[in-house]
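Visitor: Handing you a structure now.
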Amino acid sequence: MKILYNLIFLTIWHYVVFLIVNKPGYKFFYKECVEIDPMFFKKRERFYEKVFKIKIWKDLIPQYTSKSGFSKKNMMSLKIDYIKEFIAETYRAEIDHIFCCFVTPFIFFVNNFNSSVIFSILVVIFNMPCVLIQRYNRFRLRRLMLNINKSNRSTGYSLLENLN
């Protein structure tokens, strides 16, 4: 019975966090991309690929997209606004999963120590891979934006002019 109560509590916690984090618009989560060498982001991508082997498992993690939520199906369009929104979505999703881990202190109030440790570890195990994927994708998207900016600069079009 205790497992059921914990699962109900964790489900409610995750749902409340989801509702709170989804309330503000994507501009709330978007951070400007300063002119940085695209290799800065490439090095971070490589770190996630080497240390966490993220390319092997990231597509195995289920992805949640609500009816009105963000979808990756327009990724090939390479439109500036779409990439900005995608970057903002990676921040929003990362914050969501990090806040979901904040439930662990409350788990200790309602369980014995051993159960609390087990449930806390499970919460982290289920949320941290999602955080890693969001960061990895954000590095890739930032590098994409900077590369587009470089190529557009040679044609007289600046990507950064459209970020505001």
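Visitor: So which helices (runs of 4 or more DSSP H) are wholly in region 10-126 and hold at least 1 residues that are at pLDDT below 90 and among the acidic types (Asp, Glu)?
Guide: 80-101
Visitor: For residues that are in contact (Cβ under 8 Å) with a residue 40 or more places away in the chain and either of a type in the set (Gly, Ala, Ser) or at positive phi (or both), tally how many sit in region 108-134.
Guide: The total comes to 1.
Visitor: Can you tell me which residues in region 1-17 are surrounded by fewer than 17 Cβ atoms within 10 Å (Cβ to Cβ) and hydrophobic (A, V, I, L, M, F, W, C)?
Guide: Selection gives MET1, ILE3, LEU4, LEU7, ILE8, PHE9, ILE12, VAL16.
The values are calculated or read from the model by the stated rules, or taken from the named source; none is laboratory data. These figures come from a predicted structure and were not determined experimentally. Because the Cβ atoms are built from the backbone with ideal geometry, glycine has one as well, and the counts that use them run over all protein chains shown.
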